[in-house]
Amino acid sequence: LFGAMRENDLNNRSRAARNFSFETPLQEISVQAEWDIWGKQRFRRVDTLNYRLDKFQQRSVVHVFRKALSPYLFAGVGAILTNVKTKYDLTVAEQSGLLDEVERDRAEGTGKKTNWGLLMGAGMTYDLSRRWVLGGELGARIALNDYFDGVSWSGNPTKDDWYWFGGL
């Protein structure tokens, strides 16, 4: 997975007074297990074919492909590579008594990081043909640390960061 993330506290009413922002490119390398809830039923449908060969009646079992809408769940672990650039409003931090925490975040939270993460989610696939499938999924990622956005001590250091991913 490749992408980028950015957020500005001005877009969030509960954090607007803090006035921090961050951006980071994002690369995710993961191993995931997927559970197809209906067990790939589109390949398990069996039809019976009757035909005559010479004077004998023949019966044959044929595996027939049928298009299907199939839900699935997934979970896994992965490495999340980031290069966080966080902008702190030092005036607000000083006024709110968080200047020491911001300095600690600046020292520990910015720059290139490799974060371990837990991945989970759900999706849906639709068979276009035997070889082509259209799918969409929504997944949550738990970063297993609080520096995904470069803010920990001046934010909420007791909770790990999360992010959501959606794709088609």
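Which ones in segment 87-97 are open to solvent by 50 Å² or more (accessible area, probe 1.4 Å) and outside any strand (DSSP E or B)?
90, 91, 94, 95, 96, 97
Quickly run through segment 147-168 and pick out the residues that are of a type in the set (Asp, Glu) and either modelled with pLDDT under 90 or more than 22 Å from residue 83 (Cβ to Cβ) (or both).
Passing the criteria: only 149.
Which members of segment 110-123 meet the condition of being more than 17 Å from residue 27 (Cβ to Cβ) and surrounded by fewer than 14 Cβ atoms within 10 Å (Cβ to Cβ)?
Within segment 110-123, just 120 meets the criteria.
Enumerate the pairs (first residue in segment 137-156 and over 30 Å from residue 35 (Cα atoms); second residue anywhere and open to solvent by less than 10 Å² (accessible area, probe 1.4 Å) and among the basic types (Lys, Arg)) with beta-carbon separation below 7 Å, excluding pairs fewer than 6 apart on the same chain, so at least 6 apart or on different chains.
Once the first residue is over 30 Å from residue 35 (Cα atoms) and sits in segment 137-156, no partner that is open to solvent by less than 10 Å² (accessible area, probe 1.4 Å) and among the basic types (Lys, Arg) comes close enough.
Give me a count of the residues in segment 1-50 that are assigned to a strand (DSSP E or B) and either modelled with pLDDT of 85 or more or surrounded by 11 or more Cβ atoms within 10 Å (Cβ to Cβ) (or both).
We begin by selecting, within segment 1-50, every residue assigned to a strand (DSSP E or B); these are 2-8, 21-36, 45-50.
This time we only want the ones that are either modelled with pLDDT of 85 or more or surrounded by 11 or more Cβ atoms within 10 Å (Cβ to Cβ) (or both), so: 2-8, 21-36, 45.
Count: 24.
Has segment 119-141 got any residue that is among the hydroxyl-bearing types (Ser, Thr, Tyr), over 30 Å from residue 67 (Cα atoms) and part of a loop (DSSP other than H, G, I, E, B)?
No: zero hits.
Which residues, taken from segment 51-80, are assigned to a strand (DSSP E or B) and at pLDDT below 75?
51, 52, 53, 56, 57, 58, 59, 60, 61, 62, 63, 64, listed by residue number.
Can you tell me which residues in segment 148-168 are loosely packed, with under 14 Cβ neighbours inside 10 Å and small (Gly, Ala, Ser)?
Result: 166, 167.
Is it true that residue 78 is surrounded by fewer than 15 Cβ atoms within 10 Å (Cβ to Cβ) and either over 18 Å from the mean Cα position of the chain (by Cα) or closer than 15 Å to residue 27 by Cα (or both)?
no
Residues being over 28 Å from the mean Cα position of the chain (by Cα) and touching a residue at least 60 places away in the same chain (Cβ under 8 Å): count how many of those fall in segment 97-120.
0
If only one of 102, 84 is open to solvent by less than 50 Å² (accessible area, probe 1.4 Å) and not in a strand (DSSP E or B), which one is it?
Just a single option satisfies the conditions, and that option is 102.
Tally up the residues in segment 121-158 that are of a type in the set (D, E, K, R) and under 14 Å from the mean Cα position of the chain (by Cα), please.
2
The values are calculated or read from the model by the stated rules, or taken from the named source; none is laboratory data. As the structure is a prediction and not an experimental result, all values here were calculated from the model. Positions of Cβ are backbone-derived with ideal geometry, glycine not excepted, and every protein chain shown enters the neighbour counts. Each accessible area value is taken on the protein alone, full model and side chains, heavy atoms only, with ligands, DNA and RNA left out. Shrake-Rupley method; radii C 1.70, N 1.55, O 1.52, S 1.80 Å.
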